[in-house]
């Protein structure tokens, strides 16, 4: 049913099987959720190992915050943070699928040149796509069906065919728009591509509940449950153990 993805899952999963859990690693001083920030490559590796022990199937490493109101790091600073982190993770976890969270094509190209098989997770909606490289296409608008219908043929014409779809929760959308997209998530299955949902501790949760990102784990689990029941294939999360528990319970429901 799903488009074939040339990515390697953990050895204890069938290659290409979904749903899976993607752990978030931020080599940044200013990501919106403070507990996700890693100050060094060594800390990235330590947290990455813990995430895998908790059940993560893949890791997403970012070195340039895209939170609202932030000033992006320069390309040089992004690479200076990202490359040592990737080197450390590759040495510690050589078989684990890795994604790089970047909107810069030059950064993506340099990481691919150095480390080979990586997924490019690009919040820009297409700028960092590279031919022959698995790609996460993030929707920057409140109309993901229309956006994906337009962008997928354009990417294919450039040789980008292994595409994961991310509705882009929190990127240029109101709280109401975010919930509207999530409520209609199953409609995006028509594209036959894996669906990535990244709602972990985001403003659609903490603004609705009048809390902080640090208090938003319970709300995150609620939305993860809904997303899994309505077609999510990849959950991009800060809290791996809790997401794995959520996935296991939903899988038990789906067997009945």
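Roughly how large, in nm² to one decimal, is the mean projection of the convex hull of the alpha-carbon atoms in segment 166-255?
5.7
Calculate the spin-label point distance for residue 17 paired with residue 71, positioning each point 7 Å from the Cα along the beta-carbon direction, and give it in nanometres.
Label-label distance for residue 71 and residue 17, simple model: 4.8 nm.
Restricting to DSSP H runs of at least four residues, report the calculated mean residue ellipticity at 222 nm for the chain, -39500 (n - 2.57) per run over all residues, nearest 500 deg cm²/dmol.
The helix-only estimate for the chain comes to -12500 deg cm²/dmol at 222 nm.
Taking the simple approach of a point 7 Å from Cα along Cα-to-Cβ for both residue 252 and residue 127, what is their distance in nm?
A separation of 4.5 nm, rounded to one decimal place.
So how do 207, 173 line up by other beta-carbon neighbours within 10 Å, fewest first?
Placing the least packed residue first, the sequence is 207, 173.
How big is D, in µm² s⁻¹, for the chain by Stokes-Einstein at 25 °C and 0.890 mPa s if Rh is the Kirkwood radius over C-alpha pairs?
135
Note the full-extension length gain between residue 211 and residue 53 as 0.36 nm times their separation in residues minus their Cα-Cα distance, in nm to one decimal.
Working it through step by step, the gained length comes to 53.9 nm.
At what distance in angstrom do the alpha carbon centres of segment 99-149 and segment 198-252 lie from each other?
The two parts, judged by their Cα centres, are 23 Å apart.
Just grab the label-to-label distance for residue 157 and residue 186, each label 7 Å out from Cα along the Cβ direction, in nm (one decimal).
My value for the distance between the label points is 3.4 nm.
With an 8 Å Cα cut-off and a minimum separation of 6 or more residues, compute the relative contact order for segment 20-254 in percent.
Relative contact order for segment 20-254 comes out at 18 percent.
Based on the Cβ-Cβ distance from residue 43 to residue 114, what FRET efficiency comes out when R0 is 22 Å, to the nearest 0.05?
0.60
Computed from the coordinates by the stated procedures, all read-outs in this text should not be read as laboratory data. Just so it is clear, the model here is predicted, and its values are computed rather than measured. Don't worry about glycine lacking a Cβ; one is built from the backbone with ideal geometry, like all the others, and counts go over all protein chains shown.
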